[in-house]
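Notes follow the structure.
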Amino acid sequence: MSWKLGQELASTIKHYSAFPATGVSLRQMVQFGSNPSTGTLYRASQFLSEELPIRLAHRVQELGELPDGLNEMPSINRVRDWYAQSFEEIIQLPKPTLSTEIRERLMKPARNGGRNSRVLSETSANPSIKPGQYKSGGNQDKDSEKAAAAKARKYYSAADDTTGEWPPELNDYNTKFKDTLEKIKRRHDGVVTTVAQGILEYKRKRQRMQIDQRIQQFLDRFYMSRIGIRMLIGQHIALTDQRTQSDPNYVGIICTKTNVKELAQEAIENARFVCEDHYGLFDAPKVRLVCDDNLHFMYVPGHLSHMLFETLKNSLRAVVETHGQDKEDFPTTTVIVSEGREDITIKVTDEGGGIPRSSIPLVWTYMYTTVDQTPNLDPDFNKSDFKAPMAGFGYGLPISRLYARYFGGDLKLISMEG
């Protein structure tokens, strides 16, 4: 039997969607520590059990209110139902029955004066995002009470572990909560392609070659929010798992010593392989990597791999299509990684013919391909966000730019036509 969104759940979702989301920074997540106690993990579960429904509710509302009939497309409705079902599963998860003493202990911050007792640094403004650029749902100005409630939710605060063991109910709840998050994460694996399919359905029905600015902005907001939701979920699952097996360089899915050269090398090999496979080449265009072996920084390796792979795939495609598939020896693409005082910059330079200046804004448009060229999408082909075909959906660069901006970086395209 398929799941259906009922009237009562819809009004609960509407209520939650009026609350603003609470920002969490990379530094805050790392300060949480790589091996949190049962009590601390329970507090994090409590934060997420309030925060995730708010973020999911924003998406359900927005998907239901999309303009110009886009909200009626079957694939868009399917995604909306996934978000609503995940919302329902989180709010219906039964909380453990705890004694007054344990409840009071959970309310108090850690007293040990050690690493875990630090009050978490506040989130600072993201330099890559203009205020309100990707914001949706929850008007903080209108309702100061709701804004205050949001401020009271803190992602990080270590629990007081000095006064004895935590009851087994906390551990059971943490495990159940993690299992619920894993199920939700799997359910949402195909979201990017299913929304893309919905846009295709819309373009075909409306006979449009391109999407307008409103839908472009919606997709930016939607995918940026998805990165945030998956980051919180992935981080929490990994922290729970790390209590049994841990790697000293990882706090959840964040690597405190991400090796840029290793990731770049892997992305180059993957992009060349996909290129050879797609064009039936014996040898894809060569890629030269210039990078210090010991360049490390704190980042989510999956995000960086995704951005590098998509950018390289674009470069190799342009090189092959500009010079022709029959060419024996393609010009070399160069990847240069440079570390400054503030930034790490990765420059990918190719001889792929460049893009006319008038077309550059279109590079950042989702689904910028003509209707008849775009294949139908199989929602299963993209079970992770990180494996994409060589070409076709016009999603690689816009989503890579969101990944870059999510933690305060950016992705820029500078073209020399010809």
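The values are calculated or read from the model by the stated rules, or taken from the named source; none is laboratory data. Here the structure is a predicted model, which means the values were calculated and not measured. Cβ atoms come from the backbone with ideal geometry, glycine included; neighbour counts cover every protein chain shown. When the accessible area is computed, the model is the full protein with side chains, heavy atoms only, and any ligands, DNA or RNA have been set aside. Shrake-Rupley method; radii C 1.70, N 1.55, O 1.52, S 1.80 Å.
A few points about this structure:
- What a 1.4 Å probe finds exposed on the range 246-370 is 46% carbon and sulfur by accessible area, rounded to a whole percent.
- Rel. contact order, % - alpha carbon contacts under 8 angstrom, at least six apart, the range 268-337: 51 percent
- Cross-link pairs 347/412; 130/185; 257/412; 286/347 - those with Cα-Cα distance over 19 Å: 130/185; 257/412
- Of the trypsin sites (Lys or Arg not before Pro) found in the range 323-366, the ones in coil according to DSSP and having at most 10 other Cβ atoms within 10 Å of their Cβ are 341.
- Table column - 3J(HN,Hα) (Hz), the range 343-352, Karplus curve with 6.51, -1.76, 1.60, x for Gly and Pro: 10, 10, 10, 10, 10, 10, 10, 10, 10, x
- By DSSP, the beta bridges lying fully in the range 231-336 are antiparallel in about 55 percent of cases.
- Remark: the range 11-92 carries 33 Å² of accessible area per residue (probe radius 1.4 Å; ligands, DNA and RNA excluded).
- Over the range 179-304, accessible surface divided per residue gives 45 Å², non-protein components excluded, 1.4 Å probe.
- Contact order relative to length of the range 236-304, as percent, for alpha carbon pairs under 8 angstrom and 6 or more apart: 43 percent
- Amide H contacts of residue 251 (H built 1.01 Å from N, in plane; Pro and chain starts excluded): 256 sit under 5 Å, all sequence-distant by 5 or more or on other chains.
- Element breakdown for the range 32-80 at a 1.4 angstrom probe: carbon and sulfur atoms account for 38% of the accessible area.
- Hz values of 3J(HN,Hα) by residue in the range 177-185 - Karplus curve (6.51, -1.76, 1.60), Gly and Pro given as x: 5, 4, 4, 4, 5, 5, 5, 5, 4
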